[in-house]
Amino acid sequence: MPNLPCQLYLISPPAIDASFADTLAAALDAGPVAALQLRLKGLDEHAIAGLAEPLQRVCAEREVAFIVNDSIALAKRLGADGVHLGQSDGDPHDARVALGPSAQIGVTCHASRHLAMEAGEAGADYVAFGAFYSTTTKETEHRPEPDILSWWSALFELPCVAIGGITADNAAPLIEAGADFIAVCSAVWDHREGAAAGARAFENVLR
């Protein structure tokens with residue numbers, strides 16, 4: 001994911017069914033989306049793999065990166081475009097060895113400048129900071145200030161992702177601070193007018 005004007009980095013709902021492929025297609029067609037991270041908790045990898053196949057096709061048809069959350073092994077099994085690693089999910093170097101030179105490898109760095117620099121040194125392709133706002137998607141204990149994005153962008157070329165409770169109404173300070181991507185979940189999938197409207201709502205703030 002090269003440095004471009006800020007784009008959406010969608011994170012899948014915590015639970016999906018076969019109809020989600022159509023919902024995803026509508027969202028990708030409506031907004032400036034760079035990537036989808038498949039994040040399904042509580043399912044074994046075989047079940048996730050079954051749900052992933054149609055979503056990969058939707059992403060590939062639109063040149064949107066398909067990223068697997070947490071599991072290097074699952075990313076390799078699926079031939080995904082990359083993997084997103086939490087601090088306990090493995091090392092970026094190991095992911096690179098397993099997935100190859102073209103894989104997109106991201107690392108959650110919470111509110112830590114030190115962790116972000118370590119991730120960059122280990123070969124990550126992007127770092128993610130957050131949660132910037134309250135979120136119901138997952139439990140969070142770190143709450144960085146937007147200036148961590150400014151600091152990172154001023155010193156490093158590696159892209160950064162802002163994550164955590166981001167909506168079209170509160171995204172602007174993070175984009176202005178230097179976020180290359182804003183990770184969004186509920187604001188798109190739970191939009192009262194549907195996922196396409198949820199993605200489209202970010203158009204003006206991303207310009």
(message) Quick one: 3J(HN,Hα) in Hz for region 52-62, Karplus 6.51/-1.76/1.60 with θ = phi - 60°, rounded, Gly and Pro as x.
(response) 6, 3, x, 5, 4, 4, 4, 5, 4, 5, 10
(message) Using Cα springs under 10 Å in a Gaussian network model of the chain, which residue among Leu85, Leu43, Leu99 shows the largest mean-square fluctuation?
(response) Leu43
(request) Arrange the peptides 13-22, 195-204 so that the one whose residues have, on average, the most other Cβ atoms within 10 Å appears first. (result) 195-204, 13-22
(request) Report, largest value first, the span of the C-alpha coordinates of region 112-178 along each principal axis, in whole Å. (result) 31, 25, 17
(message) What's the whole-number percent of alpha carbon pairs in region 1-108 lying beyond 24 angstrom?
(response) 18 percent
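Just the Kirkwood number for the chain, please: inverse of mean 1/r across all distinct Cα pairs, in Å, one decimal.
Numbers: mean 1/r = 0.0595 Å⁻¹.
Over the chain, the inverse of the mean reciprocal pair distance is 16.8 Å.
Compute the signed sum of charges (Lys and Arg +1, Asp and Glu -1) over the other residues within less than 13 Å, Cβ to Cβ, of His46. Working shown, then result.
Working: positive: Arg77; negative: Asp44, Glu45, Glu53.
Taking every other residue near His46 into account, the sum is -2.
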(message) Among Asp94, Asp44, Asp147, which one shows the highest mean-square fluctuation when the chain is modelled as a Gaussian network with alpha-carbon springs under 10 Å?
(response) Asp44
(message) Using a 7 Å offset from the Cα along the Cα-to-Cβ direction at both Ala73 and His142, what is the distance between the two label points in nm, to one decimal?
(response) 2.5 nm
(request) Pairs of Cα atoms under 8 Å, at least six residues apart: use those to get the relative contact order of region 7-206, whole percent. (result) 21 percent
(message) I want to verify a result. In a Gaussian network model of the chain, Cα cutoff 10 Å, which of these has the top mean-square fluctuation: Val83, Val127, Val97?
(response) Val97
(request) Quick one: what are the phi-derived ³J(HN,Hα) couplings along region 82-91, Karplus 6.51/-1.76/1.60 with θ = phi - 60°, whole Hz, x for glycine and proline? (result) x, 9, 10, 10, x, 5, 10, 9, x, 9
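Since every read-out is calculated from the coordinates, none of them should be taken as a lab result. In this text the structure is predicted, and so the values were computed from the model without any measurement. Positions of Cβ are backbone-derived with ideal geometry, glycine not excepted, and every protein chain shown enters the neighbour counts.
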